[in-house]
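Participant: My questions will all concern the structure given below.
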Amino acid sequence: MVLLFVLTALVGVTASGVIRQSTADPVLPAAAGEDLGDGTRLAQYEVVNGVKVFRLRAAPTSWEVSPGNVRQAFAYNGIVPGPVIRINEGDQVRFILQNDLPEPTALHWHGMDLPNDQDGVPGLTQPEIEPGQSFTYEWKAISTGTHWYHSHMHGDQEGKGLYGSLEVVPRLGDITAARDYRLIIGDGPLGFVFNGKSFPATVPLRARVGERVRIRLIGAGPEMIHPIHLHSGHFELVAQDGKRLPLPQQMDTLLVGVGQTYDIVWTPTRVGKWMIHCHIFSHAETHHGMAGLVSIFNVDPPAIGLPLPLQQGG
Amino acid sequence: MVLLFVLTALVGVTASGVIRQSTADPVLPAAAGEDLGDGTRLAQYEVVNGVKVFRLRAAPTSWEVSPGNVRQAFAYNGIVPGPVIRINEGDQVRFILQNDLPEPTALHWHGMDLPNDQDGVPGLTQPEIEPGQSFTYEWKAISTGTHWYHSHMHGDQEGKGLYGSLEVVPRLGDITAARDYRLIIGDGPLGFVFNGKSFPATVPLRARVGERVRIRLIGAGPEMIHPIHLHSGHFELVAQDGKRLPLPQQMDTLLVGVGQTYDIVWTPTRVGKWMIHCHIFSHAETHHGMAGLVSIFNVDPPAIGLPLPLQQGG
Amino acid sequence: MVLLFVLTALVGVTASGVIRQSTADPVLPAAAGEDLGDGTRLAQYEVVNGVKVFRLRAAPTSWEVSPGNVRQAFAYNGIVPGPVIRINEGDQVRFILQNDLPEPTALHWHGMDLPNDQDGVPGLTQPEIEPGQSFTYEWKAISTGTHWYHSHMHGDQEGKGLYGSLEVVPRLGDITAARDYRLIIGDGPLGFVFNGKSFPATVPLRARVGERVRIRLIGAGPEMIHPIHLHSGHFELVAQDGKRLPLPQQMDTLLVGVGQTYDIVWTPTRVGKWMIHCHIFSHAETHHGMAGLVSIFNVDPPAIGLPLPLQQGG
């Protein structure tokens, strides 16, 4: 039963729907699809004549960053980050963006190899999308791996919450993992947030000793570079901006700049509560304790039947 | 004819004079040599008894950063950045620096393996060069690749414009490219500038689909680290501080800190206008649109006769 | 005699006591063990039933950052940084931490693979250590290489000086070097400090032409990312966060973020005074000259009997 869980949690086989991780209490409104166990939700789509069609609505919203701390945000489909767009390499995809903001907008598909008029730079590759208007983007998914999408209209639209993860599953050779999490780092008008939330409101992450845990770190900024530190030994850096490293490298702290994505893989060796946080302390702590860019991994013992070579003595 | 252009534009064979790129309107005064198509100009020299002799004059100047935005700058030979010094590995080089600033100065050859008394640190390796005085540096070019030179006297001299690219062409094994651009990033008293200019005054860069485009990113600071993002897929990082990477790595956003140089190679796959910009939005955008650390690549169709495997369907 | 010196200076054979570098005037109080030639001192320990037992006392102190510039610091054993903890892979180690601060504290062993209840995060893995109380940490040294330890209680405890180098010597395959220095970078309430001191109070470092000089760069923050530049050509990056790079890489300027450690190896080719400094000029210079994050390498000629292939002509 537990083993079955581990197998079905393996990612990279198909683009959506197979990720069923044991999650903590979902805290997001049911404005999108499946809860991915990290405070994000999978984008839903319909297939029209072989094209995957996604609908995104940009609109103002009140967003509770942490208990009692409500900010005026801009959101895609009512959630910060916007829904996780996970597609397969080779997919033809269409995005119908409805602008219900009080100002113009445009959407950039960061890291994508696509036609210039789909690149989403207002005034350069397309006209601004005026309030009340919609705009349709369409392209073929060529650039595999972890990318992201965000407003390219005024830096503060991005800072207010108009961003999300854009994950293109390669046909061959994806990063294998038993868990697949993402942490999108924000430092704009919403404060210091992982996936739209400040500690203690960040969603606790779950893992088991011996599992390969994939974490997609995305620097959404819009302003700062963050050294992200994971307690408990080290992790392995396996991809940058969606591109596999020719030789993976091990470390415990990684600089994540605005616009960058990194895929890291961590194999916990010990049960317990392990922090992942920005190591700039004013981003992660106050005199009242931890705050902001902090999440906790709850690491449980290995599932029954797994070999236990990684559990070290005290 | 077009093919001939491509061939003659290949760099790395000799140190100067062979680069003839199709350029946009030159905007710099004719204070130095050939326009390199990116807002910089090649340094001129004369050969005296086998030594390449360059003359640099540091002086105050008024510098128009963008239309109507004139700042009080310090410049080598009247231009920001100073002239591009491109020499061959093994060259014996001499630099006669005339200080016409109202304050002392000294010049550091960043990244060069040279005698300590030519290193340009005032008070440590040489006396300060007083206003009205000159100082002669001489050394043999050993450290190949992309480096830079800058004032090492007070951080704000560098910030005011006293820096330039220092390119040592290796005898063997240079990075091959059809285009060779440099973007020197400044964030001091001149504001946020690429090659001394803020968008929209930055020089538009040209390329063709399928060409290998070399871009030398140089962090002149003097204060900040900039995540530089190129739209349209990805580029390849091939060298850091003039040293070839043992394994090149692909990405779309690169952190460039003060003092660092990176050589990246981009092969455009699509025609159009592709941005290259700092992804910290306050460095690249205001509520009135793009500004500061932004340049545009104008990518044209491939030259006749080139194979077209890279042009993707829409 | 000189050759003998070089041989005994080789590190990595045993964990302590063999490092005897020629040092400049020691400037630290004799509050800990051997002076390591860079302004740090080796931690002393006693062996109790096969366990190496270290005693650390956290207390306020007045700390002279540079001549006449005295700051109110927090220190382990009276010195900033705290004593260098150098142990062997496989050692069982115990740390008795006495809190003589006016506030609670806790100590994190950054980069260590250890039991969760020894991780030192107050409120998560242990209770806060109240003033006047002590707490004992004990774990087995598994994670080899350069790491560090620091207070995990309020970011400003770290900034006030509660950090030190934590070096686990691998049984096999350590980085070979004739010199072994560390530069811990601080940017908090003590100002911009290398090993607790601002230039000109930083300890001058010594080396000879042709020697392999290991420098352990540690970003103690607690706030900033520093591009560290070494004059004179280039160095080789060989490890990050204690982990050997699969392929070492050469550069002359390296970004060191809060929480990161890097091991670099430099082989000087020229005699003279070579700077190592943060290239953000406001961290390394004022209008009165160099200050803050600056140290000087005094490079002497090679020892008699060494081959001289590295000494280049002028």
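The values are calculated or read from the model by the stated rules, or taken from the named source; none is laboratory data. Computed from a prediction, not measured in an experiment: that's the story for all the values here. All Cβ positions, even for glycine, are placed from backbone atoms using ideal geometry, and neighbour counts span all protein chains on display.
Residues are listed down the side, and each one gets a yes or a no for (1) touching a Leu at 6+ places or on another chain (Cβ under 8 Å); (2) within 24 Å of B:Asn99 (Cβ to Cβ); (3) of a type in the set (S, T, N, Q); (4) assigned by TED's automatic domain parsing to the domain that holds B:Asp117:
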position	(1), (2), (3), (4)
B:Gln157	yes, yes, yes, yes
B:Pro200	no, no, no, no
B:Val209	yes, no, no, no
B:Asp241	no, no, no, no
B:Pro246	yes, no, no, no
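Participant: For the stretch C:74-86, give me each residue that is among the aliphatic types (A, V, I, L, M) and either surrounded by fewer than 20 Cβ atoms within 10 Å (Cβ to Cβ) or not in a strand (DSSP E or B) (or both).
Facilitator: C:Val80, the sole residue that qualifies.
Participant: Out of all the residues in the stretch C:252-267, which are at the interface with another protein chain (Cβ under 8 Å from one of its Cβ atoms), in a loop (DSSP other than H, G, I, E, B) and over 16 Å from the mean Cα position of the chain (by Cα)?
Facilitator: C:Asp252
Participant: Name the pairs: first residue in the stretch A:99-113 and outside the structural domain of A:Ala58 (by TED's automatic domain parsing) and more than 12 Å from A:Leu56 (Cα to Cα), second residue of a type outside the set (Gly, Ala, Ser) and part of a loop (DSSP other than H, G, I, E, B), Cβ to Cβ under 9 Å, at least 6 apart or on different chains?
Facilitator: Sorted first by the residue in the stretch A:99-113, then by its partner, the list stays empty.
Participant: Taking A:His231 as the residue in question, decide whether it is under 20 Å from C:Asp241 (Cα atoms), more than 14 Å from chain B (Cβ to nearest Cβ), in contact (Cβ under 8 Å) with a residue 40 or more places away in the chain and buried (at least 21 other Cβ atoms within 10 Å of the Cβ).
Facilitator: So A:His231 fits the description; yes.
Participant: Same structure, new question: Taking the stretch C:154-169, which residues are outside any strand (DSSP E or B) and either out of contact with any Asp or Glu (no Cβ under 7 Å at 6 or more places or on another chain) or away from every other protein chain (no Cβ under 14 Å) (or both)?
Facilitator: Answer for the stretch C:154-169, where residues must be outside any strand (DSSP E or B) and either out of contact with any Asp or Glu (no Cβ under 7 Å at 6 or more places or on another chain) or away from every other protein chain (no Cβ under 14 Å) (or both): C:Asp156, C:Gln157, C:Glu158, C:Gly159, C:Lys160, C:Gly161, C:Leu162.
Participant: Right, something else. Pairs please, first residue from the stretch B:265-293 and touching a residue at least 24 places away in the same chain (Cβ under 8 Å), second anywhere and of a type in the set (Lys, Arg) and surrounded by fewer than 22 Cβ atoms within 10 Å (Cβ to Cβ), Cβ atoms under 6 Å, 6+ apart in sequence or on different chains.
Facilitator: Pairs found: B:Val265/B:Arg212; B:Thr267/B:Arg212.
Participant: Filter the stretch C:218-228 for residues that are assigned to a strand (DSSP E or B) and surrounded by 24 or more Cβ atoms within 10 Å (Cβ to Cβ) and give the result.
Facilitator: Across the stretch C:218-228, the qualifying residues are C:Ile218, C:Gly219, C:Ala220, C:Gly221, C:His226, C:Ile228.
Participant: Also, I was wondering about something else. Being modelled with pLDDT of 85 or more, more than 10 Å from every other protein chain (Cβ to nearest Cβ), crowded, with 16+ Cβ neighbours inside 10 Å and assigned to a loop (DSSP other than H, G, I, E, B) is the filter here, so list the residues in the stretch C:273-314 that pass it.
Facilitator: The answer is C:Ala291, C:Leu293, C:Pro302.
Participant: Would you pick out the residues in the stretch C:165-186 that are closer than 24 Å to C:Pro204 by Cβ and in contact with a Gly (Cβ under 6 Å, 6 or more places away or on another chain)?
Facilitator: Answer for the stretch C:165-186, where residues must be closer than 24 Å to C:Pro204 by Cβ and in contact with a Gly (Cβ under 6 Å, 6 or more places away or on another chain): just C:Ile185.
Participant: Pick from C:Thr253, C:Thr267, C:Thr286: which is in contact with a Lys or Arg (Cβ under 8 Å, 6 or more places away or on another chain) and on the phi < 0 side of the Ramachandran plot?
Facilitator: None of the other options fit; the residue is C:Thr267.
Participant: For residues in the stretch A:174-188 being more than 12 Å from chain B (Cβ to nearest Cβ) and over 18 Å from A:Trp266 (Cα atoms), which is surrounded by the most Cβ atoms within 10 Å (Cβ to Cβ)?
Facilitator: Going through the qualifying residues, I end up with A:Gly186.
Participant: Additional query: Could we say that A:Gly173 is in a loop (DSSP other than H, G, I, E, B) and either modelled with pLDDT under 95 or touching a strand residue (DSSP E or B) at 6+ places or on another chain (Cβ under 6 Å) (or both) here?
Facilitator: It is true that A:Gly173 is in a loop (DSSP other than H, G, I, E, B) and either modelled with pLDDT under 95 or touching a strand residue (DSSP E or B) at 6+ places or on another chain (Cβ under 6 Å) (or both).
Participant: How about the stretch A:122-151: which of its residues are part of a loop (DSSP other than H, G, I, E, B), at negative phi and facing chain B (nearest Cβ under 9 Å)?
Facilitator: A:Leu124, A:Thr125, A:Ile142, A:Ser143, listed by residue number.
Participant: Could you give me the residue pairs with C-beta distances under 7 Å whose first residue belongs to the stretch A:211-224 and is within 16 Å of A:Trp266 (Cα to Cα) and within 14 Å of chain B (Cβ to nearest Cβ), whose second residue is among the charged types (D, E, K, R) and surrounded by fewer than 22 Cβ atoms within 10 Å (Cβ to Cβ) wherever it lies, and which are 6+ apart or on separate chains?
Facilitator: none
Participant: Let me ask another. Considering B:Arg270, B:Arg244, which residue is part of a strand (DSSP E or B) and facing another protein chain (nearest Cβ under 10 Å)?
Facilitator: Of B:Arg270, B:Arg244, the one residue that is part of a strand (DSSP E or B) and facing another protein chain (nearest Cβ under 10 Å) is B:Arg244.
Participant: Just the residues that are crowded, with 20+ Cβ neighbours inside 10 Å and on the phi < 0 side of the Ramachandran plot, please, taken from the stretch A:239-248.
Facilitator: Residues satisfying the conditions are A:Ala239, A:Gln240, A:Lys243.
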